[in-house]
Amino acid sequence: MRLFSILLLALVVLSCNNKAKEDANKDTASKEVMTYEANWESLKQHKTPEWFLDAKFGIYCHWGPYSVPAHETEWYAHWMYVNKDNPEAKDGKASAIHDYHVKTYGPLNEFGYKDFIPMFKAEKFDAAEWADLFEKAGAKFAGPVSEHADGFAMWDSDLTEWDAMDMGPKRDVMGELSKEIRKRDMKFIATFHRHWLFGWYPTWDETTDASDPKYAGLYGPKLKKGDNQMPPNPHEIDAGVKRYYPLADKAFNDEWLNRLKEIVDKYDPDLVWFDNKMDVISEAHRKEFLQYYYNEAAKKDQEVVSTYKFYDFAKGSAVLDLERARMSEKKDFPWLTDDSIDWKAWCHIDDPNYKSTNRLVDFLVDVVSKNGAVLLNITPRADGTIPEPVKERLLEMGQWLQVNGEAIYGTRPFEIYGEGDTEVIEGHLSERKNADNTSKDVRFTTKGETLYAIVMDWPEGDTKKIHSFKKGNTYLKKDIKSIQLLGHEGDLSFEMKDDGLYIDLPKEKVGDHAFSFKINFN
């Protein structure tokens with residue numbers, strides 16, 4: 001009997017071991033399926049993760065040496081070099097920023113962009129404080145600009161001395177933020193503009209410090225006069241206009257790719273965002289980045305997102321991103337839009353024009369209803385503090401999301417995005433053309449069997465009519481059981497009539513911004 005028990009136990013152990021090996025083989029096979037090759041067909045197999053589809057709202061910031069002059073634009077680093085002899089000068093006149101720079105700081109052979117770096121001390125930067133603010137604002141993903149077009153890396157890089165660890169703040173800004181952001185259960189993102197560096201500075205101009213080989217690590221390779229060209233708009237590209245000239249050489253391409261790989265290896269970003277003009281980089285290098293990023297994430301069981309503008313990646317290989325723009329209609333694919341809290345600039349400037357909280361909330365609601373997500377840029381000062389008006393707007397957005405978040409997070413588009421009179425004008429940098437929404441504008445989102453109708457402003461009168469849900473409409477497949485207003489206790493009375501769904505409003509206005517009606521069905 002004892003021998004039989006031993007044999008039985010041995011068989012059980014052997015069976016368990018075989019089962020474990022089978023499971024391990026299945027896991028290995030599964031990981032092999034997730035291996036991507038450096039071609040568009042393979043990269044298009046990458047799926048947008050559910051966390052991104054659920055998140056809807058993120059925050060990032062333009063913050064670097066260009067924050068020191070705090071004048072007009074984050075493009076200060078470029079325009080300060082556009083003197084009257086520069087091909088970009090209009091009518092033979094230097095840019096206004098060049099004239100301002102020379103008057104304020106001195107000639108460009110004595111005070112160039114490199115000289116702002118020691119002034120960029122970030123002495124009051126507190127990564128935990130920033131992350132707390134992002135969390136209170138309701139962001140689900142966040143991070144800094146890793147490297148802007150100026151060529152200064154905001155991480156502890158082994159590839160260059162022109163980085164935030166070796167100069168300026170002498171801190172690993174990305175490292176500190178990645179830890180604090182993830183502590184608060186947000187996804188960490190890295191945004192990358194380095195491709196703009198190719199021709200950003202007039203390295204051909206011997207009257208400036210940009211031509212000095214000592215500073216090539218910051219200012220980039222030596223090019224010919226006139227090599228830097230602004231990108232044509234998408235309509236010109238569609239018409240066959242040549243995009244960028246010249247293309248980057250192998251050394252610049254390799255450096256671009258190696259810096260990205262270093263960011264992936266050191267900080268494991270959940271999302272890598274790119275500015276446009278990426279096709280100055282070779283297609284092979286762009287594909288190699290996505291291959292590396294997606295495969296490294298698969299090894300770590302990490303679900304990641306990359307973004308692109310215009311035509312810089314093949315459609316379907318990453319998430320399309322707009323800039324200061326939105327879609328006029330619902331899309332059947334997920335998309336992102338990045339917008340700045342300041343109408344005028346992406347970095348802190350001395351005379352900002354901040355958007356209202358109401359505008360920011362309405363923008364978020366409109367984008368989400370059309371299958372999009374918002375990446376909102378904020379503008380820290382050079383010392384690392386965040387301006388009070390920026391904090392106020394973020395906290396007010398967070399308060400709105402605390403009440404209305406269930407109509408935003410984790411939702412999916414409805415059959416139609418909404419209704420209303422306010423027209424949305426599409427196009428790169430088109431947001432200024434779009435008017436504020438009114439109480440006639442309604443946006444729809446869904447979560448499971450629940451439908452949310454978000455009204456952009458408090459309606460006049462005692463009722464709100466939703467025209468799309470009149471008697472006999474084809475959108476609602478079931479009878480309405482009840483309707484609530486988020487932030488208000490109890491059910492609201494309603495009636496479906498021949499010209500629309502009428503919802504009785506509470507006697508008192510609930511909240512200050514968009515208003516979310518929760519529609520439940522039998």
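A few comments on the model shown:
- Ranking Tyr76, Tyr409 from most to least accessible surface, computed with a 1.4 Å probe over the protein chains only, gives Tyr409, Tyr76.
- In a simple Cβ point-charge model (Lys, Arg +1; Asp, Glu -1; nothing else charged), the chain has a dipole of about 1300 debye relative to its Cα centre.
- Links that overshoot a 30 Å alpha carbon limit, given the list Lys114/Lys187; Lys261/Lys330; Lys331/Lys355; Lys447/Lys497; Lys140/Lys471: Lys114/Lys187; Lys261/Lys330; Lys140/Lys471
- The separation of the stretch 452-512 from the stretch 121-198, counted between C-alpha centres, amounts to 44 Å.
- MRE, 222 nm, helices only [DSSP H, n ≥ 4, -39500 (n - 2.57), over the chain, to nearest 500]: -9000 deg cm²/dmol
- Each listed q (0.21, 0.25, 0.27 Å⁻¹) maps to a log10 I(q)/I(0) for the stretch 104-156, found by the Debye formula over equal Cα scatterers with no solvent: -0.94, -1.08, -1.14.
- The residues of the chain present an accessible area of 44 Å² per residue when probed at 1.4 Å with all protein chains retained.
- For the stretch 302-346, pairs of C-alpha atoms spaced more than 11 angstrom apart make up 70 percent of the total.
- Local electrostatic count at Val272 - Lys and Arg +1, Asp and Glu -1, tallied over other residues with Cβ under 15 Å: -3
- Solvent exposure, largest accessible area first (probe 1.4 Å, DNA, RNA and ligands not counted), of Lys140, Lys103: Lys103, Lys140
- Using only the C-alpha atoms, the convex hull of the stretch 364-414 corresponds to 83 Å³ per residue.
- Inter-probe distance in nm under a simple model that places probes 7 Å from Cα toward Cβ, at Lys170 and Ala96: 3.8
- Take the Cβ atoms of Glu41 and Asp158, set R0 to 51 Å, and the FRET efficiency comes out at 0.90.
- Using a cutoff of 8 angstrom between alpha carbon atoms and counting only pairs six or more residues apart, the relative contact order for the chain works out to 15 percent.
- The relative contact order of the stretch 133-184, computed from alpha carbon pairs under 8 Å that lie at least 6 residues apart in sequence, is 29 percent.
- The chain shape via C-alpha gyration tensor axes, a/c threshold 1.5: oblate
- Taking the accessible area of the chain, probe 1.4 Å, and keeping the other protein chains in place, the carbon and sulfur fraction comes to 50%.
The values are calculated or read from the model by the stated rules, or taken from the named source; none is laboratory data. A quick note: this is a predicted structure, and the numbers were derived from the prediction, not measured. Backbone-built Cβ (ideal geometry, glycine too); neighbour counts: all protein chains shown. What goes into the accessible areas is simple: the full protein's heavy atoms, side chains included, and nothing from ligands, DNA or RNA. Shrake-Rupley method; radii C 1.70, N 1.55, O 1.52, S 1.80 Å.
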